[in-house]
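Worksheet: the structure to be examined is printed underneath.
The values are calculated or read from the model by the stated rules, or taken from the named source; none is laboratory data. Not measured: the values here are computed from a predicted model. Reconstructed Cβ throughout: ideal geometry from the backbone, glycine too, with neighbour counts over all protein chains shown.
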């Protein structure tokens, strides 16, 4: 029996999830709906989040409007809630969506609203690599956001996941699509170590935290069962997509230059800031392991990449799901 099951007696509470219509959010909504909770999915455009409603019973899940840049909307979204979960984060900046605005000030705004509303539990999703001393704006904003959350809500649970994979992820799908379109697969930070974690495991961990299954006031680091370099992950992409693209390592100065050009696009595949991030390992720290501030604290058994990637990476093969059944040319 998992901790999620053990916590099911704590059901029928009202939960507000900021960013609940996203990649992790949709999985989390399903987890919490199974526990019987009533769920508000707080998003900027609730009219575009109707697909979350069928994830629970009729009337159990309700999208509502909220924008962390506007405190009044956040206060309305958490009013009457027992539990608040903040999943909001951005990988690149554009327009009014800036790292400091969304991931630092936005995190503080949610924590302040949760405190004012008398919320029982606050769970904040950050990211492995969060560091106030980092040269990366993303990493600094994440760390400052954690600091602001704990200052406003000392018993908050902070969860730092590594790269998250699953059906709609932005990592394996991105490189799979690139492998399908280009004969060359660029590689940045080839020796940097990663610890990809399955989205379902992340959702379970957050659900356990929301249900009071771990001690608050701590920062938990979670990663999957395998640690691989970026170079090894690119080879996984090629194996799963049945392709033999040439992998081209990009020196850091070249990668930064390319990123500085691509980052002007609406959804860039690489930015200069991400190049900086890729210079540092993204794995659970030894300290977190020793103190059991890792996935084991949530009673969640980690899922391997081998168990999940084949279920969706087949779409990048030349013949899709029929690739393995096609006769091999002599």
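Scanning segment 265-313 for residues that are within 30 Å of residue 93 (Cα to Cα) and exposed (fewer than 14 other Cβ atoms within 10 Å of the Cβ) gives 265, 266, 267. The set of residues from segment 261-277 being within 16 Å of residue 187 (Cα to Cα) and either part of a strand (DSSP E or B) or touching a helix residue (DSSP H, G or I) at 6+ places or on another chain (Cβ under 7 Å) (or both) comprises 268, 269, 270, 271, 272, 273, 274, 275, 277. Taking each residue of segment 255-273 that is closer than 17 Å to residue 173 by Cβ and looking for partners that are assigned to a loop (DSSP other than H, G, I, E, B) with beta-carbon atoms closer than 8 Å, six or more apart or interchain, yields 267/92; 268/92; 270/188; 270/263. When 202, 258, 237 are screened for being in a helix (DSSP H, G or I), under 22 Å from the mean Cα position of the chain (by Cα) and over 20 Å from residue 15 (Cβ atoms), only 237 passes. Residues in segment 75-93 that are part of a helix (DSSP H, G or I) and touching a residue at least 40 places away in the same chain (Cβ under 8 Å): 75, 77, 78. Here residue 303 meets each of (1) out of contact with any helix residue (DSSP H, G or I) (no Cβ under 7 Å at 6 or more places or on another chain); (2) modelled with pLDDT of 95 or more; (3) over 23 Å from residue 146 (Cα atoms); (4) not in a helix (DSSP H, G or I) with one exception, condition (1). For segment 157-171, the criterion of being closer than 27 Å to residue 232 by Cα, in a helix (DSSP H, G or I) and in contact with a strand residue (DSSP E or B) (Cβ under 9 Å, 6 or more places away or on another chain) is met by no residue. Does at least one position in segment 197-220 carry a residue that is closer than 27 Å to residue 248 by Cβ, in contact with a helix residue (DSSP H, G or I) (Cβ under 8 Å, 6 or more places away or on another chain) and crowded, with 24+ Cβ neighbours inside 10 Å? No; the residues of segment 197-220 include none that is closer than 27 Å to residue 248 by Cβ, in contact with a helix residue (DSSP H, G or I) (Cβ under 8 Å, 6 or more places away or on another chain) and crowded, with 24+ Cβ neighbours inside 10 Å. Annotation note: of 120, 147, the sole residue that is farther than 23 Å from residue 100 by Cβ and at pLDDT 95 or above is 120. Here is the figure for segment 94-121: residues that are in a loop (DSSP other than H, G, I, E, B) and either buried (at least 20 other Cβ atoms within 10 Å of the Cβ) or touching a residue at least 24 places away in the same chain (Cβ under 8 Å) (or both) total 4.
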